[in-house]
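Shown next, in C-alpha cells, is the structure this report addresses.
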Amino acid sequence: MATKFMPSPWKVRVEAELLKSLRASLDRLGVPAVHLYQLHGPISLRSHSALADALAAAHAEGLLLAVGVSNYSAKEMGSIDDALRERGLRLATNQVEYSLLRRMPETGGLLAPCRDRGVRLLAYSPIGQGRLTGKYSTGNPPRPAHLLQPPHGEG
C-alpha cells in the first residue's frame, strides 16, 4: 500500500506536517503503516536534509516501511537518497510518467542513476492515460483533463 505527501512550500514545519498527514492517511486507510510513502514532487522549500529527517521520524515510529519520491530528476533523486542514507534509510522508488508515448526517463538519463542507486523506477500512466489502449481515435479523442473531474458536489 502506498500514499504520498505533498511537501508544499507553505508547509514550513515539514516534519510535523508530514507526520500529521501520514497519520491522517493511516486513519483513513485503517492500517498501522504504509508499505511506501512518497514525496509528491520536488517542490518543497525545505532542504532534502529536512525532508529526510521527517521521513526518518515517520520510519522510526513504524508508520512507513519504505520511502519514495515522485517526479524527481536524477540530481534531485541523488540528493534525497544521500540524505536518507545518512539516516539509515534508502530511497526505494522514483515515480515518473513513463510509457511508449513519454520516454523521458529513458531519453533524459534517469534510468541509469536509478539502477546505480538501487532505486526502482515506478511508472505512472504506463498506457499513456488510455491513449495506447485503442479506445481513442480522431472521432473519439480523449477529453481534456479539466473535463474529467465531476462537477462540484458530484462524484
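Between Leu29, Leu18, Leu64, find the one with the highest GNM mean-square fluctuation for the chain; connect C-alpha pairs within less than 10 Å.
Of Leu29, Leu18, Leu64, the Gaussian network model singles out Leu29 as fluctuating most.
Shape verdict for region 23-135, please, from the Cα gyration tensor: rounded (a/c under 1.5), prolate (a/b greater than b/c) or oblate. Please list the in-between numbers first.
Numbers: a/c = 2.34, a/b = 1.37, b/c = 1.71.
Oblate, because a/c is 1.5 or more while a/b does not exceed b/c.
How high is the relative contact order of the chain, in percent, counting Cα pairs under 8 Å that sit 6 or more residues apart? Write out the running numbers ahead of the final one.
On the way: 216 pairs, mean separation 27.0, N = 155.
Taking the mean separation of contacting Cα pairs over the length of the chain, I get 17 percent.
So, by mean Cβ neighbours within 10 angstrom, what's the order for 4-15, 31-42 with the highest one leading? Display every interim value, and only then the final one.
Numbers: 4-15: 15.8, 31-42: 18.2.
Put in order of decreasing packing, that is 31-42, 4-15.
Positive end of the charge dipole of region 8-134 (Lys, Arg +1 and Asp, Glu -1 on Cβ, about the Cα centre): tell me which of Ala54, Ser79, Val119 has its Cα farthest that way.
Projecting each Cα onto the dipole axis, the largest value belongs to Val119.
How far is helix 48-60 tilted, in degrees, relative to the longest principal axis of the Cα atoms in the chain, given as a value from 0 to 90 rounded to the nearest 10?
It works out to around 80 degrees.
Say each of Arg90 and Tyr124 gets a label point 7 Å from the Cα, pointing the same way as Cα to Cβ; how far apart are those two points in nm?
Taking the two extended label points, one gets 2.5 nm.
With each label point set 7 Å from Cα along the Cα-Cβ vector, what nm distance links Ser137 and Ser73?
About 4.2 nm separates the two model spin labels.
Given Cβ point charges of +1 (Lys, Arg) and -1 (Asp, Glu) and nothing else, what value in debye, to the nearest 20, does the dipole of the chain about its Cα centre take?
Once rounded to the nearest 20, the dipole reads 320 debye.
Farthest toward the dipole's positive end in the chain, which of Gly68, Leu45, Pro32, given Cβ charges of +1 (Lys, Arg) and -1 (Asp, Glu) about the Cα centre?
Of the listed residues, the answer is Gly68.
How much length, in nm to one decimal, is gained on full extension between Val12 and Ala33, taken as 0.36 nm per residue of separation minus their Cα-Cα distance? Numbers along the way, then the final one.
Working: separation 21, 0.36 × 21 = 7.56 nm, distance 2.43 nm.
Gain in length upon complete extension: 5.1 nm.
Please work out the FRET efficiency for the pair Ala60 and Thr107, using the Cβ-Cβ distance as r and a Förster radius of 35 Å; give the result to the nearest 0.05. It would help to have the intermediate numbers written out before the result.
Working: r = 39 Å, r/R0 = 1.10.
With a Förster radius of 35 Å, E is 0.35.
Can you compute 3J(HN,Hα) from phi for each residue in region 16-31, using the Karplus curve 6.51 cos²θ - 1.76 cosθ + 1.60 with θ = phi - 60°, rounded to whole Hz and x for Gly and Pro?
For region 16-31, the Karplus curve yields 4, 5, 5, 4, 4, 5, 5, 4, 5, 5, 4, 4, 5, 7, x, 10 Hz.
No lab work stands behind these numbers, since they all come straight from the coordinates. None of the values given here were measured: they were computed from a predicted structure. All Cβ positions, glycine included, derive from the backbone under ideal geometry; neighbour counts span all protein chains shown.
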